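Here is the structure we will look at, set down as structure tokens.
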Amino acid sequence: MKYITEFRSSELGEGLIARIQQRSKRKVRFMEFCGGHTVTIFRYGIRQLLPPTIEMVSGPGCPICVTANADLDKAIALSQIPGVIVATFGDMLKVPGSRSSLEKAKAEGAEVRTVYSTMDALNIAEANRDKSVVFMGIGFETTAPTIAASILQAEERGIENYYVLSLHKLCPPVIKALLDSGEVELGGLVCPGHVSAIIGSHPWEFIAREYGIPCVISGFEPLDILQCVEMLVEQVEKGESRVEIAYRRGVRPEGNQIALKLMERVFEPSPARWRGMGEIAGSGLKINSKYQRFDAEANFDIKTAPAVEHKGCICGDILRGVKTPADCKLFGKACTPQNPIGPCMVSAEGSCSAYYLYGGGRGG
Amino acid sequence: MGAVVEDKILLAHGSGGKLSHDLVAKSFVKALANPLLNTLDDSAVFELSGRLAFTTDSYVVSPIFFPGGDIGKLAVCGTVNDLATSGAKPLYLSLSFIIEEGLSLNELEKVVNSVRKAAGEAGVKIVTGDTKVVTRGSADKLFINTAGVGVIPEGVSISGTNAKPGDRVILSGAIGDHGIAVVSQREGLSFATKLKSDCAPLGGLVAEMLKASPNIHALRDPTRGGLASSLNELAQQSKVSIRIEEKEIPVREAVLAACEMLGFDPLYVANEGKMIAIVPPEDADKVLKAMRKNKYGRDAAIIGEVGAEKPGRVVMKTVLGSSRIVDMMVGDLLPRIC
């Protein structure tokens, strides 16, 4: 088992597609929550292979895309404070905030460092004891445990100049908000694979139970997605709604208890701002009082002007699944990966970037 | 006179004085000796006849040593391969070093030695050169520029503008090895892999391909930007479309795995020892056979076809049978891989 080529087999793929086409009778709309799934769907042209009964829409599962301008402005403001080094994952650098981006701030002299892992940020702090290192903590339940671990390590190693700007977001609450808004009607949910590897399958059950929507947790290879769609179709046709795991090699129903305990030790639920959706109660994580000395918000005087959105950018609507990149007047013209206006064009997992790179809006 | 640090390159090594002279004589000329270089004149003087190909490239790869090669081998192979893409037989190269003060002499000698080996394999001579040393921080260890000339055989006319509808697209082997081998050594990103760079001189391979068919329309070595970017360039230059089949494109399992981990698409990862050939359909099998006989073309495969519709567009049939656009690379996947 090599875990890659097996999940890209054309023979198995053809079989799954045939079964989906044969089985799907009812008209239905599925949402893939996760940006990683969106990329696989476009990279393998999966939308073209599905029968006309099935419509796929992309959801808000791109951590970079959903970071609100107000929060991005905070990171940029932090980078302007003398003696502060802002450490961040690379994609975040290019995302335009209200008035600037971390990339521009860096070009103008701010100390902004790209890291590949949270622990690299901690090492930067250890090597620069005379400065304050603020890690921009973005991401869902997948990255939160590693950031919790970095805070516990900082404590253990006596690194006093390490801070986290906690912008973490939780997936089940945003799906609930999306469904409660009534803006998009969904007949099935492709649940995120990596997030579920941490939280397990139980936190999705309310969607199947209370909203009657079939849920299947999927992996990220093309056959994973096809198998997931097949399982969703099966539930739809039988009139059932439950949570199933198609990504058994990655996800257990109870999740990853060690990671969950790490999160619990350091964070507590809080309201969070989502691009295009505003503030959603209980959808974020903030650092709890015990570890407050690592919390950038509590330790720096962060001054920002009121956030403004970019004129004409519809990233917010795209993230809610209400519009597609093709509906955007800026897409492919004013807004391209070289010169992005909205975050969905910057992030490798953003819908606009996937549409642009893999010709989603431009046919074959 | 202050203390002399024998094993490091000093600013004085590039000053034109005694240290410079010794460095050139002991480290460079000795290793790369040939009658044209040995004269140590300011320019190499030689006669050539026929149509010439002339090219130049600078090499700034980081780190300078990587699995399967180093900046010296790369500086020879890159320029040799650029000459080969015009069908030329590569003959003479210039070699110019920009050295950061403090580079170990031992490392420099290792690099010169691999220049020697690569030039020997490629059948080219280093006929002129230059050395500059810059203060610490003004360069990163070592930058190399090479330029090269070659002679194009009679009856050969190869250009990126020549691709015609119906032509077959042949790729000489598995993609992505170089980019992944280099990135596996990067600080903050290092991971264990047995992958080696594919860095190799392809003059011999191209000569054998041309022997099989002098009618090859276009050649391109897919370096930075990978296979995807090279195919886009060819489609734009020739005003044609190119359709490739994902399942025909050779990629090693280790490259696939690394790409998954790093979020790359192998189509955009750099190569330093691969060739794309655009060949008329009636000659495709002959050329393919000739390629497979050469050690640098053993895994060669026909990966697609040139079409007339939608000029400038590259489309790929995915393993699942759907199709998607393959665009030019946007931005910088991996800085300084060559």
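What follows draws every value from the coordinates through simple rules; no lab data is involved. The model shown is predicted, which means the values in this text are computed figures rather than measured ones. In this analysis, Cβ positions are derived from the backbone assuming ideal geometry, glycine residues included, and neighbour counts consider all displayed protein chains.
Against chain A, whose longest principal axis is taken from its Cα atoms, helix A:171-181 shows a tilt of about 60°.
Once you order the gyration tensor axes a ≥ b ≥ c over the Cα atoms, which shape class does chain A get: rounded for a/c under 1.5, otherwise prolate or oblate by comparing a/b with b/c? It comes out prolate by the Cα gyration axes.
Taking the helices alone, the protein assembly as shown has a mean residue ellipticity at 222 nm of -9500 deg cm²/dmol, built from -39,500 (n - 2.57) per DSSP H run of at least 4 residues and averaged over all its residues. Look at where the Cα atoms of the stretch A:1-49 and of the stretch A:233-293 average out, and the two centres are 24 Å apart.
In the stretch A:227-241, which residues have a backbone nitrogen under 20 Å from the label point lying 7 Å from A:TYR3's Cα in the Cα-to-Cβ direction? Residues passing the 20 Å test: A:227-228. Cα centroids of the stretch B:22-58 and the stretch B:266-282: 30 Å apart.
Residues B:SER238, A:SER117, arranged from fewest to most other Cβ atoms within 10 angstrom of their Cβ, appear as A:SER117, B:SER238.
Ranking of A:LYS169, B:LYS247 by neighbouring Cβ atoms within 10 Å, starting from the fewest: B:LYS247, A:LYS169. Here, P(r) means the percent of Cα pairs in each 10 Å bin from 0 to the largest distance; for the stretch B:11-152 it is 12, 44, 34, 10, 1. For the listed residue pairs B:LYS125/B:LYS293; B:LYS26/B:LYS132; B:LYS211/B:LYS286; B:LYS18/B:LYS117; A:LYS74/A:LYS94, the alpha carbons are over 19 angstrom apart in B:LYS125/B:LYS293; B:LYS18/B:LYS117. A crude spin-label estimate for the pair B:SER138 and A:GLU11, with each label 7 Å from Cα along the Cβ direction, gives 6.3 nm.
Give me the distance between the Cα centres of the stretch A:175-215 and the stretch B:101-155, rounded to whole Å. The stretch A:175-215 and the stretch B:101-155 have Cα centres separated by 59 Å.
How would you classify the stretch B:1-95 from its alpha-carbon gyration tensor, with a ≥ b ≥ c the square roots of the eigenvalues: rounded for a/c under 1.5, else prolate if a/b is greater than b/c, otherwise oblate? It is oblate, given that a/c is not under 1.5 and a/b is not larger than b/c. Panel order for B:PHE66, A:PHE206, B:PHE46, by other beta carbons found within 10 Å of each beta carbon, from fewest to most: B:PHE46, A:PHE206, B:PHE66. Would you mind classifying the protein assembly as shown by shape? Square roots of the alpha carbon gyration tensor eigenvalues, ordered a ≥ b ≥ c; an a/c under 1.5 is rounded, otherwise it is prolate if a/b is larger than b/c and oblate if not. The shape class here is oblate.
Cβ-Cβ distance of B:ASP130 and B:PHE54, R₀ of 22 Å, FRET efficiency by 1/(1 + (r/R0)^6): the value works out to about 0.80.
Largest first, the three principal axis extents of the alpha carbons in the stretch A:87-214 are 55, 37, 18 Å in whole numbers.
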